[in-house]
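Shown next, in structure tokens, is the structure this report addresses.
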Amino acid sequence: MLFDVSKGLYLMNKLIKCISLSCLLLASFSPLAKQIAITFDDAPRPDTTYLNSAERNKHLLSALNKHDVTAMFFITTKHMQDGRDKRLLEYAQSNQLLANHSHSHISAYKIPSADFIADVAKAHQILQTYTNYHAYFRFPYLHHGDTRQKRDELRAGLTTLGLKQGYITIDDSDWYLDSLFQQAVTADIPLQLDSWREVYINHIVASANYYQQLAEKNLMQAPKQVLLLHENDLAALFMDELIQAIKKDGWEIISPLEAYQDKIANRYPDTMHNNQGRLAAVLAEKGIAPNSMIQRSQRPEALKKQLENLGLIPVSE
Ligand SMILES: [Zn+2]
């Protein structure tokens with residue numbers, strides 16, 4: 001029997017179309033893994049009017065221990081004064097990880113590269129005496145240098161010190177919410193902790209999903225995400241419920257050391273848009289306008305309005 005070439009080609013075409021369609025359907029129906037690591041900047045922060053440093057740590061570590069979560073605390077070593085170096089031992093006792101957030105917490109936009117690296121080296125030296133210290137560095141304010149030359153000098157300086165970048169992928173305004181919470185503490189209005197909890201948790205979970213969707217939309221894949229939080233009162237008060245909410249939303253909480261094994265860790269995008277985290281930097285390098293990546297409903301001004309409307313902070317003039 002003679003082989004009918006045109007019929008064969010027709011069938012093969014059909015088969016290819018069918019396979020492509022199945023792949024497409026599979027891709028659109030199989031959600032990408034939602035993996036997230038939790039990190040805290042600026043530790044160990046001084047006392048506030050609401051919680052002192054020891055109380056804050058007690059709340060925070062008890063929540064992390066309860067859920068068996070390993071987080072990474074980026075230490076600003078100048079904060080270790082007034083006995084707060086004890087906090088670092090408490091992190092170690094709870095199997096939490098330490099990393100470097102500089103000694104003086106100065107923006108890399110403001111001082112020469114050599115001075116900046118000397119400040120990081122000072123923190124590195126102090127932190128090396130702690131066994132749970134891991135050689136990751138996070139830029140204060142996520143400022144990686146204000147010129148390409150400085151950015152590259154800083155990258156090289158960190159490599160010379162043996163430090164990897166402790167980047168984030170999920171940016172949010174937890175620091176701003178906490179600053180408004182401190183205003184509410186000192187203002188003459190009742191503290192409604194239930195409402196604060198709801199706003200805080202919704203903001204963090206919405207931010208995590210925002211960056212997950214940003215990755216899915218533009219990369220067709222999502223990195224192991226790294227969440228930026230600060231060692232502040234809101235984190236201490238609501239960490240237990242935040243972890244529960246993150247899990248309920250379908251996320252797997254992983255160790256930051258596992259997150260930093262993601263292939264995005266080896267990407268050093270050629271962009272000056274670095275203050276929104278590594279994922280946004282990768283997307284900026286691909287040509288996506290930074291302005292289009294703003295999470296508008298969760299911007300500080302929107303959060304402030306929301307808190308004013310809820311009566312959680314005094315209405316500004
Ligand atoms: Zn910081």
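The values are calculated or read from the model by the stated rules, or taken from the named source; none is laboratory data. Note that the coordinates shown come from a computational prediction; the quantities given were computed from them, not determined experimentally. Here the Cβ positions follow ideal geometry from the backbone for every residue, glycine too, while neighbour counts run over all protein chains shown. Side chains are part of the model used for accessible areas, which takes the heavy atoms of the whole protein and leaves out ligands, DNA and RNA. Shrake-Rupley method; radii C 1.70, N 1.55, O 1.52, S 1.80 Å.
Assorted remarks:
- Structural size metrics of the stretch 204-317, computed from C-alpha coordinates, are Rg and Dmax of 16.1, 48 Å.
- For the chain, adding -39500 (n - 2.57) for each run of n ≥ 4 DSSP H residues and dividing by the number of residues yields -15500 deg cm²/dmol at 222 nm.
- When you restrict to C-alpha pairs under 8 Å that are six or more residues apart and normalise by the size of the chain, the relative contact order lands at 25 percent.
- Whole-percent carbon and sulfur share, accessible surface of the stretch 35-309, 1.4 Å: 48
- The Cα center of the stretch 145-171 and the Cα center of the stretch 79-111 differ in position by 18 Å.
- Cα long-axis angle, helix 53-66 against the chain (0 to 90 degrees, to the nearest 10): 30
- Rounded tilt (10° steps) of 233-248 against the dominant C-alpha axis of the chain: 20
- Residue among ILE126, ILE201, ILE38 with the largest mean-square fluctuation in a Gaussian network model of the chain, springs linking Cα atoms under 10 Å: ILE126
- The angle separating the long axis of helix 174-186 from the principal Cα axis of greatest extent in the chain is about 30 degrees.
- Rounded to the nearest whole Hz, the Karplus-based 3J(HN,Hα) values (6.51 cos²θ - 1.76 cosθ + 1.60, θ = phi - 60°) of the stretch 260-274 follow the sequence 6, 8, 4, 5, 5, 5, 9, 8, 10, x, 8, 8, 9, 8, 10, with x at glycine and proline.
- Global form of the stretch 35-309, assessed from the alpha-carbon gyration tensor, a/c cut-off 1.5: rounded
- Once the Cβ-Cβ distance of LYS305 and ALA135 is raised to the sixth power relative to R0 = 35 Å, the FRET efficiency obtained is 0.25.
- Ranked from largest to smallest solvent-accessible area, with a 1.4 Å probe on the protein heavy atoms, SER255, SER207 come out as SER255, SER207.
- For the stretch 104-110, the Karplus equation 6.51 cos²θ - 1.76 cosθ + 1.60, evaluated at θ = phi - 60°, returns couplings of 9, 6, 9, 5, 6, 7, 9 Hz by residue, with Gly and Pro reported as x.
- When the chain is described by a simple charge dipole with +1 on each Lys and Arg Cβ and -1 on each Asp and Glu Cβ, the residue from VAL282, LEU154, PRO190 located farthest towards its positive end is VAL282.
- Per-residue Karplus couplings for the stretch 75-86, computed as 6.51 cos²θ - 1.76 cosθ + 1.60 with θ equal to phi - 60°, are listed in order as 8, 9, 5, 5, 6, 7, 6, 6, x, 7, 4, 4 Hz, Gly and Pro entered as x.
- For the chain, a Gaussian network of Cα nodes joined below 10 Å ranks MET272, MET80, MET220 by mean-square fluctuation, and the top entry is MET220.
- Under a 5 Å amide H cut-off, with hydrogens placed 1.01 Å from N, ASP42 pairs with PHE74, THR76 among residues at least 5 apart or on other chains.
- With 0.36 nm allotted per residue and the present C-alpha distance subtracted, the LEU257-LYS122 stretch has 46.3 nm of extension available.
- Candidate cross-link partners of LYS305 among the aspartates and glutamates, defined by an alpha-carbon separation under 16 Å and a same-chain spacing of 8 or more, comprise ASP174, ASP178, GLU198, GLU317.
- Within straight-line reach of LYS58, meaning a Cα separation under 20 Å, sit the following lysines at least 8 residues removed in sequence or on another chain: LYS66, LYS86.
- Here the stretch 35-309 is treated with +1 on each Lys and Arg Cβ and -1 on each Asp and Glu Cβ, and its dipole about the Cα centre works out to around 680 debye.
- Segment ILE111-LEU191, length gained on full extension (0.36 nm per residue, minus Cα span): 24.8 nm
- 24 Å Cα-Cα threshold exceeded, pairs from LYS247/LYS304; LYS78/LYS224; LYS224/LYS248: LYS247/LYS304; LYS78/LYS224
- Added length on full extension, which subtracts the Cα-Cα distance from 0.36 nm per residue, ILE288 to MET220: 23.0 nm
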